[in-house]
Amino acid sequence: MTIGIFAGSNWGVPQGEPYAIIDRTIEKFEEAHPGVRVQYVSGIQREDYAEWLAGEFQRGEEPDVFLLPTEDFEFYAEKGGLRELSPLVEQDAEFSTEIYDRAAYQNGQHDGRLYALPCENMITLMFVNKTLLAREGADMPPLSWTWADFLALSQRLTKDTDGDGIPDQFGFYDYTWEQAAVSNGVRLFREDGKSSYFADPRMEETVRFLKELEEANEGHKVTARDFDMGRVAFRPFTFAEYRTYKPYPWRVKKYSSFEWDCIPLPAGPSGGNISTMDSLLVGMSARSGRQELAWSFMKMLSGDPEIQGMVLEKSHALPARRDVLRSRAAEEIFLWDSGESAMTVEDVSTAMQNAVPPYRFDRLSEVMLYADRAIHALINEPPPFHNALNRLQKEVNAILQQ
């Protein structure tokens with residue numbers, strides 16, 4: 001049986017043992033299936049993987065089982081490249097969907113049918129520069145902090161510290177309107193991607209908040225350098241970045257000049273402290289002649305407690321199996337990684353349960369680019385927002401229904 005994988009992390013961070021998880025899965029699988037040999041091509045980098053996999057499909061030589069980043073899943077599900085798993089789930093008394101968080105399981109669904117299983121998950125947290133807050137006499141925000149807290153701190157912390165009349169210390173960097181919309185309970189698109197909801201009153205709340213937040217920076221364009229130099233209090237971070245850059249040695253190479261921690265994203269008045277959950281998925285080729293073996297391998301990679309424990313230990317991702325994150329072993333790994341932390345394993349687990357799946361449909365990139373330009377223009381223009389958001393919704397719907 002063949003499998004398709006890539007070397008290193010799916011999440012853009014360094015990973016020391018790129019094949020440890022897959023090699024152990026293969027070893028365990030072959031022990032349970034005497035006479036079966038599992039093979040993969042090594043050395044394929046994450047940035048080259050999509051092209052490699054597409055080429056294998058074109059030649060009719062695709063692997064029986066293969067990893068799928070979320071952004072590639074919809075294409076293979078839509079084009080018939082993936083075997084539907086729903087019948088296998090229904091026939092398999094040993095398999096339970098309850099081991100996954102809701103958003104993670106939904107990430108493997110297309111049109112209400114299951115085509116892939118999650119094997120790693122990722123959420124976004126908010127980086128907090130504790131040194132900057134302490135210098136300004138500000139307390140660490142609570143895990144249940146709100147937009148009002150975020151705005152008040154950003155306004156308070158943005159200042160000119162060297163007396164040249166130009167702000168050089170800032171409240172935030174790289175916080176997006178999409179993140180704000182999610183935390184205010186906005187779902188921008190119908191599940192099938194045929195209609196949008198930009199005129200939702202919660203979206204108007206979001207735009208008004210972002211306008212106030214941008215004004216806190218006093219017209220200055222905050223940069224990654226400002227952040228790296230310790231001049232910014234808040235920045236969204238993936239959990240992978242948190243796991244990578246919190247402990248030694250990567251902390252020394254990246255953010256050693258200030259103390260920092262991570263907490264959930266701030267909650268909007270109509271939402272909660274939530275973010276989008278991304279997943280690395282595993283699927284089966286629709287043309288595979290080894291369906292039973294492929295399904296067994298997928299279940300092991302996605303659901304075996306030992307393998308999922310290795311996801312937390314050997315990678316910087318979150319396990320797909322939610323009980324693994326609440327285990328004693330996970331608590332020990334988490335403490336070893338991050339030492340004194342604002343978030344416990346239970347807090348991270350709660351954030352996972354509250355996360356929402358990303359949007360996935362044809363033309364998503366096109367309409368989001370269009371919406372991004374329009375919303376940034378709104379943030380920089382005076383109200384009224386409502387008519388503008390109604391107009392944006394009609395324009396986006398026209399694109400979606402072409």
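The values are calculated or read from the model by the stated rules, or taken from the named source; none is laboratory data. Here the structure is a predicted model, which is why all the values come from computation and not from measurement. Every residue, glycine as well, gets a Cβ built from its backbone with ideal geometry; the counts of neighbours run over all protein chains shown. We work out accessible area using only protein heavy atoms, side chains counted, and drop any ligands, DNA or RNA first. Shrake-Rupley method; radii C 1.70, N 1.55, O 1.52, S 1.80 Å.
Rolled with a 1.4 Å probe across the full set of protein chains, the surface gives residue 79 an accessible area near 140 Å². The residue 365 and residue 202 beta-carbon pair, evaluated with R₀ = 25 Å, returns a calculated FRET efficiency of approximately 0.60. Against the set [x] 36, 25, 22; [y] 30, 28, 22; [z] 38, 27, 18, the structure's computed semi-axes √(5λ) of the Cα gyration tensor in Å falls on [z]. Could you please report the charge total around residue 73, scoring K, R as +1 and D, E as -1 over all other residues with beta-carbon less than 12 angstrom from its beta-carbon? Once all neighbours under 12 Å are counted, the net charge is -3. If you build a Gaussian network model of the chain, linking Cα atoms that sit under 10 Å apart, which residue out of 176, 244, 276 swings the most? Maximum among the listed residues: 176.
Each residue of region 177-190 was assigned a 3J(HN,Hα) from its phi angle through the Karplus curve 6.51 cos²θ - 1.76 cosθ + 1.60 (θ = phi - 60°); the sequence is 5, 5, 5, 5, 4, 4, 6, 10, x, 7, 10, 6, 9, 5 Hz, with glycine and proline shown as x. Calculation over all alpha carbon pairs of region 15-173 in 5 angstrom steps from 0 returns a P(r) of 1, 6, 11, 12, 13, 12, 8, 7, 8, 8, 7, 4, 2, 1, 0 percent. Structure remark: mean-square fluctuation, Gaussian network model of the chain, C-alpha springs under 10 Å; the largest value among 264, 118, 305 belongs to 305.
In the complete set of protein chains, residue-level accessible area for residue 149 is approximately 60 Å², probe 1.4 angstrom.
For region 5-55, the Kirkwood hydrodynamic radius from C-alpha pairs, put into Stokes-Einstein at 37 °C and a viscosity of 0.692 mPa s, yields a diffusion coefficient of 267 µm² per second. When the residues 99, 375 are ordered by accessible surface, computed with a 1.4 Å probe over the protein chains alone, the sequence from largest down reads 99, 375.
Counting only protein heavy atoms and using a 1.4 Å probe, the accessible area of residue 321 comes to about 50 Å². Entry note, the chain: relative contact order of 26 percent, from Cα contacts under 8 Å with a spacing of 6+ residues. Structure remark: mean-square fluctuation, Gaussian network model of the chain, C-alpha springs under 10 Å; the largest value among 279, 96, 195 belongs to 96. Count Lys and Arg as plus one, Asp and Glu as minus one, and take only other residues whose Cβ is under 10 Å from that of residue 25; the net charge is then -3.
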